[in-house]
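Q: Just passing along the structure, written as structure tokens.
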Amino acid sequence: MSTSSNSSISRLRQIEEQLTERNMGELKEITGIAVVEGTEWTSPKKVSFKPKTVYARDIVLKVEACGVCGSDIHCAAGHWGPRNNPLVVGHEIIGRVIEVGSGCKEGLKVGDRVGVGAQALSCLECSRCESENEQYCSNMTGTYNFPYPDGYISQGGYASHVIVHEHFAIPIPDNIPSHLAAPLMCGGITAFSPLLRSNVGPGTSVGVVGIGGIGHMAVIFAKALGANVTAISRRSNKKDDALKLGADVYIAAVEDKDWHKTYANTLDLIVVCSSSLTELDFDRIPSLLKVGGKVLSIAIPEASERLVLRPLLLKGISIGTSVIGSPAEIKKLLDFVSKKNLKIWVEEVPISEAGVAEVFRRMNSGDVRYRFSLVDFDKEFGA
Ligand code: NAP
Ligand code: ZN
Ligand code: ZN
């Protein structure tokens, strides 16, 4: 590890510890639904575990709702490699603040409703953090399955409580109910950030590849920003939904043999939102772009999958990636959804061992229209 990364880690530790004395915290135990060693990942179990230390700038949340992201499936199923055991996933978390660390200074109060996405901590002082790019900090801690500077492995939101640095807890506007706010915290901002950074608006033509949880939000947001939207799915079974979501054009890329010719040269930006690329002929995607167009991928498929860049040559286009969004961008997204009264498509499932097993199984087989939100946390974990 480099010296600069070592110093950032020690700085992270300082950020956790420096401000006044540690809060001892009332919370002695967290209960959650976890994937555990020795059983199938699709048979999660209810477990209790010790909370992380509540540092001075941490807040404690009692969870009300948690969205189910494609990344939860990848991580629980081991697609990205080994995971901590037991592991509680979930990083689309909405909860009420029940404790505020003694060094908090961003204005959160007990009783506030806040959201936490896929990021729980960053160094807050590097050039990336200081330019509202905290998600690109080389020392970010993810909301689950990531080590904190003190060694604690983060645990996610399929749980009674979550503890997080105040900077990554974002107030939720009153007119967005918790089950609809939850998926915005990771999936929503992952769809929104590349649109925002590409200045999508009236006159822009945007393609969205993969109409799943994130893709369906990308269609809604791109349309609401004023763009012309092309939904690119594998088959025709999502056509009616995509048009209702706001798509102007629908492509069934596995069924329609000539889509890359029919819709050639029509798009300025393509956002790839697929959880896997095995069933899609990625080589054909660039032909949809105009000169100077851009493909941005947010996909994090299985570690074994690779993207071949050869077809991108000689097309005058660029390719990039995007990861979640910064706290400032999440605030912009919440404000946008609140003001435009946008409604994402969510199916609520009460949290329990059986409920999490069901959402794992159905997400894994693509049987979701279009995002699950786990709810009824009080019933499972107590008020
Ligand atoms: P999701 O709800 O499961 O949707 C994934 C979509 O991908 C499916 O609806 C399907 O769309 C398409 N797809 C599935 N299998 C495919 C295959 N074999 N070949 C081609 N296309 C396939 O998942 P999600 O929550 O939207 O997440 C999508 C991806 O984003 C995941 O890899 C996740 O880890 C990643 N992610 C990235 C970030 C980031 O910051 N970059 C953040 C969150 C999640 P169609 O049926 O329309 O073809
Ligand atoms: Zn996610
Ligand atoms: Zn940083």
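The values are calculated or read from the model by the stated rules, or taken from the named source; none is laboratory data. Predicted model, so just to flag it, every value in this text is computed and none were measured. For neighbour counting, all protein chains shown are included, and Cβ atoms are generated from backbone atoms with ideal geometry for every residue, glycine included. When the accessible area is computed, the model is the full protein with side chains, heavy atoms only, and any ligands, DNA or RNA have been set aside. Shrake-Rupley method; radii C 1.70, N 1.55, O 1.52, S 1.80 Å.
Q: For a 28 Å ceiling on Cα separation, which of these pairs sit above it: Lys46/Lys332; Lys50/Lys379; Lys46/Lys238; Lys257/Lys294?
A: Lys46/Lys332; Lys46/Lys238
Q: Considering only the other residues whose Cβ falls under 14 Å of the Cβ of Asn199, what net charge follows from Lys and Arg at +1 and Asp and Glu at -1?
A: Working: positive: Arg197, Lys294, Lys332; negative: Asp268, Glu329.
Result for the local shell: +1.
Q: Please give the Cα centre distance for region 321-373 versus region 37-116, rounded to the nearest Å.
A: Here the two parts' Cα centres lie 15 Å apart.
Q: Tell me the carbon and sulfur percent of the accessible area for the chain, rounded to whole percent, probe radius 1.4 Å. Numbers along the way, then the final one.
A: Values: 8040 of 16040 Å².
Roughly 50 percent, rounded to a whole number.
Q: Sticking with this structure for a sec: Based on the alpha-carbon gyration tensor of the chain and its eigenvalue square roots a ≥ b ≥ c, which shape applies: rounded if a/c is under 1.5, prolate if not and a/b is larger than b/c, or oblate? Walk me through the numbers on the way to the answer.
A: On the way: a/c = 1.74, a/b = 1.54, b/c = 1.13.
Prolate, because a/c is 1.5 or more and a/b exceeds b/c.
Q: Now for a different question. Cut-off 10 angstrom, C-alpha nodes, Gaussian network model of the chain. Which of Lys290, Lys261, Lys223 fluctuates the most?
A: Checking each option, the largest mean-square fluctuation is seen for Lys261.
Q: Another question, then. Which value in deg cm²/dmol, rounded to the nearest 500, describes the helix-derived mean residue ellipticity at 222 nm for the chain, given -39,500 (n - 2.57) per DSSP H run of n ≥ 4 and division by the residue count? Each step should come with its number before you reach the end.
A: Values: 11 runs with 96 residues, N = 383.
It lands at -7000 deg cm²/dmol.
Q: Another question, if that's okay. Anyone know which of Arg57, Arg83, Arg362 comes out most mobile in the 10 Å Cα GNM of the chain?
A: Checking each option, the largest mean-square fluctuation is seen for Arg362.
Q: If you place +1 on the Cβ of every Lys and Arg and -1 on the Cβ of every Asp and Glu, how big does the dipole about the Cα centre of the chain come out, in debye to the nearest 20? Numbers along the way, then the final one.
A: Numbers: 41 positive and 43 negative charges, 170 e Å.
About 820 debye.
Q: For Glu26 and Asp174, what does the FRET efficiency come to when R0 = 35 Å and r is the distance between their Cβ atoms, rounded to the nearest 0.05?
A: On the way: r = 27 Å, r/R0 = 0.77.
It comes out at approximately 0.85.
Q: At 0.36 nm per residue, and after removing the present C-alpha to C-alpha distance, how many nm does the segment from Ser48 to Val323 gain when stretched out fully? Intermediate results must be reported in sequence, preceding the final value.
A: On the way: separation 275, 0.36 × 275 = 99.00 nm, distance 3.08 nm.
Gain on extension, Ser48 to Val323, equals 95.9 nm.
Q: Something else: Taking 8 Å as the Cα distance limit and 6 or more residues as the minimum spacing, I'd like the relative contact order of the chain as a percentage.
A: Numbers: 847 pairs, mean separation 67.9, N = 383.
Across the chain, relative contact order equals 18 percent.
Q: What number comes out for the charge environment of Tyr250, summing +1 per Lys or Arg and -1 per Asp or Glu over other residues with Cβ under 10 Å away?
A: Numbers: positive: Lys238, Lys239; negative: Asp240, Asp241, Asp248, Asp256.
Taking every Cβ under 10 Å from that of Tyr250, the sum is -2.
Q: While we're looking at this one, here's another question. If the label point is 7 Å along Cα→Cβ of Glu40, which residues in region 355-383 have backbone nitrogen under 20 Å from it?
A: Taking a point 7 Å out along Cα→Cβ of Glu40, the residues of region 355-383 whose backbone N falls under 20 Å are 355-368.
Q: Right, another one. Measuring from label point to label point, each 7 Å out along Cα→Cβ, what is the Ser127 to Arg361 span in nm?
A: Label at Ser127, label at Arg361, 5.1 nm between them.
Q: Quick check for you: with a 1.4 Å probe and neighbouring chains kept, what is the accessible area per residue of the chain, in Å²?
A: Values: 16040 Å² over 383 residues.
About 42 Å² of surface per residue is accessible.
Q: So which residue, out of Gly95, Gly226, Gly70, gets the largest mean-square fluctuation from a GNM of the chain using Cα contacts under 10 Å as springs?
A: Gly226
Q: Here's another thing I want to ask about it. Using Cα pairs closer than 8 Å and at least 6 residues apart in sequence, work out the relative contact order for region 290-383, in percent. Walk me through the numbers before you get to the answer.
A: On the way: 69 pairs, mean separation 23.0, N = 94.
That works out to 24 percent.
Q: Then there's this: Over region 188-321, what is the mean sequence separation of C-alpha contacts under 8 Å (at least six apart), divided by residue count, expressed as relative contact order in percent? Write out the running numbers ahead of the final one.
A: Values: 268 pairs, mean separation 29.0, N = 134.
Dividing the mean separation by the residue count of region 188-321 yields 22 percent.
Q: Please state, rounded to one decimal and in Å, the Kirkwood hydrodynamic radius that region 188-321 gives when every pair of distinct Cα atoms enters the mean of 1/r.
A: Details: mean 1/r = 0.0692 Å⁻¹.
The Cα-based Kirkwood calculation yields 14.5 Å.
Q: Jot down the radius of gyration and Dmax of region 155-263, Cα atoms only, both in angstrom.
A: Every Cα atom of region 155-263 included, Rg and Dmax give 16.4, 51 Å.
Q: Let me ask something additional. For the chain, which DSSP H helices look membrane-span-like by this rule: Cα extent along the axis of 15 Å or more and mean Kyte-Doolittle of at least 0.5?
A: Details: long enough: 3-17 (21 Å, -0.99); 187-197 (16 Å, 0.75); 213-224 (17 Å, 1.28); 327-340 (20 Å, -0.29); 353-364 (16 Å, -0.27).
Counting only whole DSSP H runs, the qualifying helices are 187-197, 213-224.
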